[in-house]
Amino acid sequence: MPNVRLDLRAIEHSLLGVREHFDQINATLDTEHDPFSDEVLGHMMAGYRFLDQLQEGDIDLFAVGNSRLLLHLNCLIVCEPRQNALAECSEHFRETERRFYDDSNRGGIRALMNYLADHRHPSVWERAAGVYMQTLSSPQLFFEGNHRTGALLISHILLRGGEPPFVLNVQNAKAYFEPSSLIKGYRKGSLRAMFQAPRLRTLLAELLQTTVDPRHLLTPASMRPKTAHPHSAL
């Protein structure tokens, strides 16, 4: 769905609200989270800009041959949001790359692709929730930044399905953070994950479906190239 594009200003507005009220949000959580700083906000916006570029080019992060783009997205979240993010990540990137391409790692890219091949989800919401859980559960997909990169992967999948992205806001923050803490405690292949993960995936899919905001997408009118008024030259 390359014609579905992000309204980056609207997304930033939502994230600014989270930053301003994060202390209050954190106080309501069972597990306290790191501060939502200006730096975190900047990295998230770099990630959303990258997703918008992927939409413009009709590029699927999960298509064969695009694994380096997944790493690039993670580096935008963890390292400096520059165009050459992979080079800037240094030690972080090398450790992430080692884990990412280790076929014996149940949390690596091969395991994620096998999961997608084995699970034909009935909706884009469940597909997004499933990928998020695979990213965040142990062993995690990336060395660092799995929560934030996972949220962007959710958005990428939703955009590819023609839906608005998932964007954290003051209203949905608690409903997002609480199950995320549970998912982080799951170990892939464990009995606990086998019995509890399907229900949690359904709940997460329902959260996504009820909290995404179409205002985070550009309207067709705003995407249309502006043309000069026929009488403007008179």
Which one is modelled with the lowest pLDDT, of the residues in the range 199-224 that are in a loop (DSSP other than H, G, I, E, B) and either touching a helix residue (DSSP H, G or I) at 6+ places or on another chain (Cβ under 6 Å) or exposed (fewer than 14 other Cβ atoms within 10 Å of the Cβ) (or both)?
Arg224
Which numbered condition trips up Asp60, out of (1) at pLDDT 95 or above; (2) part of a loop (DSSP other than H, G, I, E, B); (3) of a type in the set (D, E, K, R); (4) in contact with an Asp or Glu (Cβ under 9 Å, 6 or more places away or on another chain)?
(4)
Looking at (1) over 16 Å from His147 (Cβ atoms); (2) surrounded by 14 or more Cβ atoms within 10 Å (Cβ to Cβ), which is the one condition that is false for Asn3?
(2)
Suppose the filter is touching a helix residue (DSSP H, G or I) at 6+ places or on another chain (Cβ under 8 Å) and hydrophobic (A, V, I, L, M, F, W, C); does Ala193 pass it?
no
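In the range 123-141, is there at least one residue being closer than 23 Å to Gln24 by Cα and either in contact (Cβ under 8 Å) with a residue 40 or more places away in the chain or not small (Gly, Ala, Ser) (or both)? Break it down stepwise before answering.
Initially, the range 123-141 is screened for residues closer than 23 Å to Gln24 by Cα, giving none.
No, that holds for no residue.
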Residues being over 11 Å from the mean Cα position of the chain (by Cα), polar (S, T, N, Q) and farther than 15 Å from Pro214 by Cα - total across the range 132-171
5
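In the range 88-198, which helices (runs of 4 or more DSSP H) lie fully inside it and hold 2 or more residues that are modelled with pLDDT under 85?
Values: elements: 90-100, 109-118, 124-136, 146-160, 173-184.
Hits in the range 88-198: 90-100.
State all residues of the range 172-207 that are among the small types (Gly, Ala, Ser), touching a residue at least 40 places away in the same chain (Cβ under 8 Å) and under 21 Å from Arg127 (Cβ atoms); if no residue qualifies, say none. Show your work before the answer.
First pass over the range 172-207, keeping only residues among the small types (Gly, Ala, Ser): 173, 175, 180-181, 185, 189-190, 193, 197, 205.
Applying the additional criterion that residues be touching a residue at least 40 places away in the same chain (Cβ under 8 Å) yields 173, 180-181, 185, 189, 193, 197, 205.
If the condition is that a residue be among the small types (Gly, Ala, Ser), touching a residue at least 40 places away in the same chain (Cβ under 8 Å) and under 21 Å from Arg127 (Cβ atoms), then Ser180, Gly189, Ala193, Ala197, Ala205 are the ones that fit.
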How many residues does the range 98-144 hold that are among the hydroxyl-bearing types (Ser, Thr, Tyr), buried (at least 16 other Cβ atoms within 10 Å of the Cβ) and farther than 20 Å from Leu191 by Cβ?
2
Single condition Arg49 does not satisfy, out of (1) more than 30 Å from Ala111 (Cα to Cα); (2) touching a residue at least 40 places away in the same chain (Cβ under 8 Å); (3) not in a loop (DSSP other than H, G, I, E, B)
(1)
Exactly one condition in (1) of a type outside the set (S, T, N, Q); (2) modelled with pLDDT of 90 or more; (3) within 27 Å of Leu217 (Cβ to Cβ) is false for Gly65; which is it?
(3)
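The values are calculated or read from the model by the stated rules, or taken from the named source; none is laboratory data. Bear in mind that the values here come from a model prediction, so they are computed numbers and not experimental data. Counting neighbours? That spans all protein chains shown, and the Cβs are built from the backbone with ideal geometry, glycine included.
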